[in-house]
Amino acid sequence: MTQISTQREPHPSASIPAGATSGFSYPQHFERLGRILPYSEALIISSVPRGGLQVTQAAHGNDALLRSYIKGMHALDRVSWQTIIGGQALSGQDACGKHGFDNCSFRQQIMSVSGFAHIAAARIRNVILPGYDGVLQVYRKLDQEPFSAADLQKLASAAKEIETGLGRDRESRSDRKHQPTPFWAHRPAARQFIFDHDLNELLGEDRLSQLDDRLRHQIVQHARQQLQLLNGQPSFADRLQLPDSRSDLWTFRVSVFKSYPALSDGPVIFFCLQPTCGEWSLIRQEDFQADADLSRLIPSMKFMRDEFQNVPTLDEIAKLSHLSPYHFHRQFSDLMGLTPKHFMLECQIQKAKSQLAGGEAGLPEISKSCGFSHQSHFTSRFKQATGLTPTRWRRMIVQSRG
């Protein structure tokens, strides 16, 4: 792993490259960042579709920091969340107040244990997945200077260039980059919606406005019900499907935390719109360099996307991740927020929708090409995933076009 000197002086002509169309290099960005902004550790952190934050990259791989996030300490990271919400680069003092930061749990329980005294963060949009923003976060030790306003400007510029480079690299890997997204597959820019115990939206009040009235009403209603069901549990999560005004189902991962100090003094509930199998398939193993457990699942995910028509067994899928079927299923479900079965069904349904929207293939042909054993099985699974039969869904698409 690239080691970056913390004693280098900023070079006035140094800048982070915008990134090529492929082969985005995280180590190169960390190394060049060190030339313009001395630091002791740098992380890339992303919000994730299961709720919360996750470290995806680490310049030096500080074990104490990484372990803290794996153990759920992201719930204390007010600096990252306030940066994501406000969009401005912040220091620890900016996010928590000077005296508040000195006494905050994140500094005392995480930073101090790792030997750090100063922190700053700048937002990166769509770090790994569309709609899931994160931050470029940097740390300094006690014998180093706190982050200045000029440092924050440099950090924000570096984060923007990383964001641009990641976007270009993601586009270069997209198998649909030269094709317009069909209107039935369009999704809102906002993919996660977070509420406190008073049902205040914590990521901005305009996010729910991107959804239709029926979805908005159901999300708020479900949030109210779930917050009343905590009953002493520290957290719980569930998979939720909600119909929109056309009766098409949207799938969310709902995660409820009794305590999430980074966002609120009381309970917090996350509604995370689940990525499509196409969006998952663009992820590379190196995108999760700081999380070996999740990184090892990616080959299996790509295998499912490529081979779902052939209905591979769990043994065949797990083998690519060098895990037993039992441990693969458990790890995949915990880290991805859905089961392998749900992921493969998503792949089948997306292909079926594409063929149904094309209007030419009949149901028996679509059923076979998508890997269903027979047409009745296809119809049942399609309705389970979308809320509509294939025939009704196709009719809805035809009417929407007209």
Are any residues in region 278-314 surrounded by fewer than 19 Cβ atoms within 10 Å (Cβ to Cβ) and not in a helix (DSSP H, G or I), and if so, which ones? ARG284, GLN289, ARG296, VAL311, THR313
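The rows are residues; the columns are (1) out of contact with any Ser or Thr (no Cβ under 8 Å at 6 or more places or on another chain); (2) in a loop (DSSP other than H, G, I, E, B).
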| site | (1), (2) |
| --- | --- |
| GLY51 | no, yes |
| GLN57 | yes, no |
| ALA64 | no, no |
| ARG67 | yes, no |
| HIS74 | no, no |
| GLN82 | yes, no |
| ILE85 | yes, no |
| ASP94 | yes, no |
Candidate set from region 278-309 (those that are within 22 Å of GLU171 (Cα to Cα) and touching a Cys at 6+ places or on another chain (Cβ under 8 Å)); member that is modelled with the lowest pLDDT: ARG305
Taking region 152-163 and keeping only residues that are crowded, with 22+ Cβ neighbours inside 10 Å and either at positive phi or in contact with a Lys or Arg (Cβ under 9 Å, 6 or more places away or on another chain) (or both), one is left with ALA158, ALA159
Qualifying positions in region 236-264 - free of Cβ contacts under 8 Å to residues at least 60 places away in the same chain and over 19 Å from GLY387 (Cβ atoms): PHE236, VAL256, LYS258
The lone exception for CYS96 - which of (1) among the hydrophobic types (A, V, I, L, M, F, W, C); (2) in contact (Cβ under 8 Å) with a residue 60 or more places away in the chain; (3) over 27 Å from GLN285 (Cβ atoms) it fails: (2)
Hey, any hits in region 261-277 for a residue that's closer than 30 Å to ARG168 by Cβ, in contact with a Cys (Cβ under 7 Å, 6 or more places away or on another chain) and part of a helix (DSSP H, G or I)? yes
Under 6 Å between Cβ atoms, at least 6 apart or on separate chains: pull out the pairs that start in region 142-170 with a residue that is more than 22 Å from SER112 (Cα to Cα) and end on any residue that is part of a helix (DSSP H, G or I). LYS154/ILE36; ALA158/LEU33; ILE162/HIS29
For region 113-133, state whether one or more residues are touching a helix residue (DSSP H, G or I) at 6+ places or on another chain (Cβ under 7 Å) and part of a helix (DSSP H, G or I). yes
Can THR339 be described as among the β-branched types (Val, Ile, Thr) and under 21 Å from THR276 (Cβ atoms)? yes
Just checking, how many residues over region 366-385 are in a helix (DSSP H, G or I) and over 13 Å from LYS353 (Cα atoms)? 6
Which number in (1) in a helix (DSSP H, G or I); (2) surrounded by 19 or more Cβ atoms within 10 Å (Cβ to Cβ); (3) modelled with pLDDT under 95 marks the one condition that HIS99 misses? (2)
Identify, by number, the condition in (1) in a loop (DSSP other than H, G, I, E, B); (2) closer than 20 Å to ARG239 by Cβ; (3) in contact with a Lys or Arg (Cβ under 8 Å, 6 or more places away or on another chain) that LEU388 doesn't meet. (3)
Every residue in region 203-233 that is loosely packed, with under 14 Cβ neighbours inside 10 Å, modelled with pLDDT under 85 and under 22 Å from the mean Cα position of the chain (by Cα), please. GLU205, ASP206
How many of the residues in region 234-245 are buried (at least 18 other Cβ atoms within 10 Å of the Cβ) and not in a strand (DSSP E or B)? 0
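The values are calculated or read from the model by the stated rules, or taken from the named source; none is laboratory data. Remember, predicted model here, so these are calculated numbers, not experimental data. Glycine also receives a Cβ, built like all others from the backbone with ideal geometry; neighbour counts cover every protein chain displayed.
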